[in-house]
Structures are given as structure tokens and as C-alpha cells.
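Comments concern the structure below.
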Amino acid sequence: MTLARISSLVLLSVALAPWSNPAHAAASDWVGDRHVAVRLIAAADSVGAGSTLQAGLEFRFAKGWHGYWRTPGDAGVAPMLDWTGSENIAREEVAWPAPSRSVSEDLQTVVYDHDVVLPLTLSLRQPGAAARIHLSVLHGGCSEICVPYQADLSLALPAGSGAASPEAALIDAARKTVPGTPASAGIEVTGAHVAGTATGPALLVDLRSHDKPFAKPDLFVEGTGDGIPAAPTVELEAGGQNAHLTVRLPPLPPGDRPLTVTLTDQDRAAEFVVIAQ
Amino acid sequence: MRSRLVLSLGLMAGLSPLAAFAAERPVVVELFTSQGCNSCPPANAYLNELSKDRRDVLPLAFHVTYWDRLGWKDPFSMEAATDRQDRYGHRFGDGSYTPEIVVDGATSAVGSHRGEVGSAIEAAKHNGRTAAAVSITRNGGQVAIEVGAGNGIGKVLLIGFDHEHTTPISRGENSGRTLTENNVVRSIRSVGQWSGAQLRISEPLPEGQDVAVVLEAPDGQIVGASRLSGGST
């Protein structure tokens with residue numbers, strides 16, 4: 001009885017929302033459980049004249065639970081996104097906020113251990129016309145166990161003024177945590193190359209901070225194979241304004257190979273590419 | 001014949017027939033795991049210890065497939081493992097996750113919770129159901145399975161498993177890290193239906209270095225078990 005009454009109240013309030021609240025929520029339902037859940041949000045409550053839509057895939061993790069970055073590491077699984085069923089959307093771009101490193105039983109994994117929004121940029125086929133974001137997400141959430149989740153998320157946006165939704169602030173905040181250029185983080189990469197050492201190849205990176213001193217810089221190196229190399233050894237100089245980082249790499253096949261390097265240091269993050277030769 | 005002999009021995013020793021059987025068969029400990037799961041190594045280590053140290057349990061590591069489609073291809077994963085865990089998940093109402101340990105088809109726990117699993121094993125040793133004695137012998141490329149007479153019905157499952165695999169963690173850097181896993185299940189299939197009368201089945205050797213047979217009651221509980229080799233690996 002109580003349950004039925006609650007759900008009819010919810011239905012009623014959902015039905016009333018468009019009239020009672022002019023900037024109505026642009027969000028799908030949460031799908032998941034009390035440990036891990038995911039939903040779609042959009043920065044506007046309707047499709048305006050612009051050629052792209054800003055949206056986000058929001059993950060919620062209970063304390064002690066985590067999900068994975070695009071390159072998850074030795075174990076763990078990156079979220080898999082399937083956009084089939086979307087309408088008026090030509091192309092999707094996913095941005096990945098700076099992750100953190102988790103090491104357990106010698107396994108290196110790259111995780112989000114707090115709530116996170118993956119910002120989405122969706123190109124419209126026909127600006128100004130209604131659109132539907134339909135996203136099937138396969139993802140894993142782990143604590144002392146790992147649970148596979150599948151979420152089918154859908155968010156319809158009518159044609160309209162494209163006014164900001166209440167969720168726009170969440171998406172904007174998430175964009176600020178996506179690694180940008182080193183300069184935008186107040187960091188200069190003064191040297192970056194791959195060299196052979198006694199223990200195999202290593203990536204040597206020299207950094208200078210034009211901002212606050214470095215505290216605990218980490219480098220996530222992608223492009224060396226499926227895994228993620230261990231954390232760098234770090235030498236700080238000049239009161240932490242300069243940092244020399246060394247990452248041991250697995251043997252690399254001959255030829256030029258672009259390595260995507262994501263630098264994180266407390267609340268700063270940057271991404272750059274180093275060509276291993 | 002043989003089961004009757006066991007029965008009378010049990011009676012002679014002053015034990016109930018049930019206790020005689022219960023002492024005979026190993027407690028079946030099924031671990032559902034995956035190399036793609038970074039919460040699994042502590043549970044794998046626990047199963048490895050059970051495989052080496054305990055003759056009174058039959059530890060079996062089932063590698064599930066649902067992490068494979070998310071990008072980690074576990075070389076030992078099998079759809080049959082995923083399906084088996086899915087049935088347990090529906091029975092226990094806890095869904096599928098890794099690492100999960102199911103003891104005698106009756107109790108489920110997080111695979112790394114040694115205390116909880118250990119208690120479940122002890123409980124199964126003393127109070128577990130045994131419907132019939134099961135024996136396995138090998139004749140060349142065949143296995144002969146015998147399920148004794150008893151009360152109840154059940155499915156006879158033939159399981160092939162490998163004693164030990166060491167897999168390099170190829171996704172990592174070159175520090176030579178490896179993962180050692182014991183009693184890795186390579187095949188499982190139903191080879192017959194037991195309905196109380198003595199049953200003899202001959203089957204080709206299943207895939208895997210060693211063989212186990214499990215008698216599973218309609219409610220999913222394990223009520224009989226045996227392995228081909230003597231015990232610890």
C-alpha cells in the first residue's frame with residue numbers, strides 16, 4: 001500500500017514537473033543499486049540552435065566502491081558505451097576526468113573512487129530539432145567484490161530554447177577536471193623522452209611548475225600495451241617547482257609509438273603526447 | 001553393493017548412515033572468479049591454499065565470462081561457469097559478482113571472507129546432505145562413474161579441471177608478475193539423472209587434467225561428490 005502510494009506520488013510529481021518548474025531537470029533515472037549507479041544528464045533542457053549538445057554520464061559510488069578510467073590497468077574494466085537507439089545524434093565524444101591510481105596485490109589499476117561525471121559532447125545531425133540520447137553502459141564496480149552492471153539510459157530533449165538545465169553546473173564542474181594542456185595547468189614540460197636503462201626502457205619527464213609547487217605528481221602512460229605502468233619515481237627540486245619523473249616501461253616494439261601521458265598532481269591534471277622511438 | 005557395504009560399516013561404527021556418508025565425501029567449494037577482477041586475488045589465494053592443504057574439501061575455480069566482454073579475456077573463462085553462477089545468484093538473491101564462493105551449493109559468501117567460508121565448510125562437514133556415495137575410476141580414455149543407491153533424485157555433473165596454471169599478467173609492465181591459480185575448471189556437463197537407484201555411467205574423459213563428479217539435488221544443493229585423484233594437488 002505504502003509503496004503504491006509513494007509511486008503514484010512520484011508519478012504525479014514527474015507529470016507536474018514541466019509545468020511547475022520552468023528549468024526542468026535534464027536527467028535520466030539512476031540505474032544501478034545502492035553501491036554503484038549511473039545516469040545521463042544534459043546541460044540544457046531542450047535542443048537549441050547550436051550544433052552540439054553538452055551532456056554527461058554521471059557515476060555514483062558508495063563509500064569503498066570504485067569504477068574505472070578509460071585504460072583500467074592490470075585488472076578492472078573500462079565502461080563500454082553503446083549509443084545505438086540515439087536519435088538526431090551524429091557523433092559522440094567522451095571526456096575523462098583525471099583518475100587516481102590504486103595498487104593492490106601488485107595489480108595497478110586506474111580508478112574513480114568518488115562520484116564522477118564523464119562529460120559528453122554530442123554533435124547533432126539537425127540543430128534545433130528534438131534529440132534522444134540512448135546509451136547502453138556496461139561497466140564494473142568494485143569494492144571487496146566486483147559487480148558487473150548494465151544500464152540502459154535514455155534522455156529525450158525536445159526542440160526549444162536550449163536553456164541551461166539544473167544539471168549544467170555538474171557538467172561544467174566535471175569539464176574543469178578533464179586534463180587539458182600542461183600550460184592550462186600552469187605546468188611546463190621541459191623534457192620528455194624514452195631512454196633505455198639497465199632495467200629496460202623508461203620514460204623520463206622533466207616538469208616545471210609556474211604555479212604552486214608539485215606535491216605528489218603521478219603519470220599514467222597509455223600506449224605501451226594493455227596495462228598501465230607503475231607509478232613514477234619522483235625527484236623534486238627548487239622547493240618543488242621542478243620535478244623529474246621516471247616511469248619504467250615494458251619492452252616496446254621498434255618504430256615510432258605515441259605514448260599518451262596523463263599527469264596528475266592533487267587538483268591539477270594535464271595530458272601530452274611523447275613519441276617513443 | 002558397494003554403497004550397502006559403506007552403510008553397514010557406518011552402522012557398525014555406531015554412526016548414522018548419513019554421518020558415514022558425510023564423512024566420506026568432500027565438501028564442494030566453488031569459487032567464481034576472473035582474471036579481469038581486481039578484487040579476486042585474495043580469494044584465489046584462499047582457494048589455492050584449500051587445494052593444497054585440505055583433503056576434506058573439493059575446491060573448484062570457475063572462471064566467469066562477464067568480464068571478458070568488458071575487455072579482459074580470461075583464458076579459462078567458460079559460459080558454463082557464468083550460467084552456473086547465474087543460477088546460484090537467482091537462488092540466493094545476490095546476483096552475480098566476483099569473487100563469490102558457494103559451499104556445497106547451500107551457502108554463498110564473498111570469496112575472500114575466509115572466516116565465513118571456513119565456518120560454512122565446517123557446517124557442511126557436520127550437517128551437509130549426502131544422498132548417495134559417488135565414485136570415479138578411470139579406464140583408459142573413459143571414466144566410470146558410480147552413484148550408489150539412496151534417497152532422492154539429482155543430476156550427475158562431470159567436471160574436468162586443471163591442477164595449476166600460472167598466467168603472466170600481460171597487461172602490466174615487465175616485472176614478471178604472475179598469477180597462480182589452482183583447480184581451474186575446464187569443463188562441466190550433466191551426464192545423467194540419478195533417481196535413487198544405483199547408477200553406473202561411462203563417459204569419455206572430460207577436458208582437464210583431473211576429474212570430479214558432483215551429485216546435485218533439484219534445489220541446487222550438492223548431495224554427493226568425488227574426485228578421481230586422491231585429494232590435495
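No lab work stands behind these numbers, since they all come straight from the coordinates. Predicted model, so just to flag it, every value in this text is computed and none were measured. Note that each Cβ is placed from the backbone with ideal geometry, even for glycine, and that neighbours are counted across all protein chains shown.
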When each of A:Lys176/A:Lys216; B:Lys52/B:Lys73; A:Lys63/B:Lys52; A:Lys63/A:Lys176; A:Lys216/B:Lys52 is checked by Cα-Cα distance, pairs over 31 Å: A:Lys63/B:Lys52; A:Lys216/B:Lys52
Computed [θ] at 222 nm, helices only, for the protein assembly as shown once each DSSP H run of length n ≥ 4 contributes -39500 (n - 2.57): -5500 deg cm²/dmol
Neighbourhood charge, 11 Å Cβ-Cβ cut-off, centred on A:Val234 and excluding it, Lys, Arg +1 and Asp, Glu -1: -3
Kirkwood Rh in Å, taken over segment B:104-217 so that all alpha-carbon pairs contribute: 16.5
Counted charge near B:Ile145, where neighbours are those whose Cβ lies closer than 11 Å (Asp, Glu -1; Lys, Arg +1): 0
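Averaged over peptide A:199-208, how many Cβ atoms belonging to another chain are found within 10 Å of each residue's Cβ? Intermediate values should be presented prior to the final figure.
Details: counts 2, 3, 2, 0, 0, 0, 0, 0, 0, 0.
Across A:199-208, the average partner-chain Cβ count within 10 Å equals 1.
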B:Asp219 versus B:Asp56: modelled label distance in nm, points set 7 Å from Cα along the beta carbon direction: 2.4
Student exercise, segment A:96-198 dipole from Lys, Arg, Asp, Glu Cβ charges, in Debye to nearest 20: 520
Dipole moment magnitude, nearest 20 debye, chain A about Cα centre, only Lys, Arg, Asp, Glu C-beta charged: 520
Rounded to the nearest 20 debye, dipole of segment A:183-232 from Cβ charges on Lys, Arg, Asp, Glu: 180
Two-decimal Rg to Rh for chain A - Kirkwood Rh, Cα set: 1.04
Rounded FRET efficiency, nearest 0.05, which uses the C-beta distance separating A:Glu144 from A:Ser184 and R0 of 41 Å: 0.60
FRET efficiency for B:Asn139 and A:Ala159, using Cβ-Cβ distance with R0 set to 60 Å, rounded to 0.05: 0.20
Ascending count of other beta-carbon atoms within 10 Å, so fewest first, for B:Phe161, A:Phe61, B:Phe92: B:Phe92, A:Phe61, B:Phe161
Nearest-0.05 FRET efficiency for A:Leu252 and A:Thr121, computed from C-beta distance (R0 25 Å): 0.20
Partners for A:Lys212 among aspartates and glutamates (Cα-Cα distance below 17 Å; same-chain residues under 8 apart left out): A:Glu188, A:Glu235, A:Glu237, A:Asp265, A:Asp267
Relative contact order (%) - criterion: Cα under 8 Å, at least six apart; region: segment A:148-258: 21
Contact order normalised by residue count of chain A, Cα under 8 Å, 6+ apart, percent: 18
Per-residue ³J(HN,Hα) for segment A:57-62, Karplus 6.51 cos²θ - 1.76 cosθ + 1.60, θ = phi - 60°, Hz, x for Gly and Pro: 10, 9, 9, 10, 10, 5
Among B:Ala225, A:Leu155, A:Ser51 - extreme Cα towards positive end, dipole of the protein assembly as shown, charges at beta-carbon: B:Ala225
Relative contact order of segment A:125-211, pairs being alpha-carbon contacts under 8 Å that are 6 or more residues apart, as %: 19
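Looking at chain A, identify the longest residue range that excludes and avoids all trypsin sites (Lys or Arg not before Pro) in DSSP loops having at most 15 other Cβ atoms within 10 Å.
Details: sites that count: A:Arg34, A:Lys63, A:Arg125, A:Lys176.
Excluding the exposed sites themselves, the longest stretch runs over A:177-277.
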Degrees between helix A:2-20 axis and first principal axis of chain A (Cα, 0 to 90, nearest 10): 90
Sum of side-chain charges, A:Gly85 neighbourhood, beta-carbon under 13 Å (Lys, Arg +1; Asp, Glu -1): -3
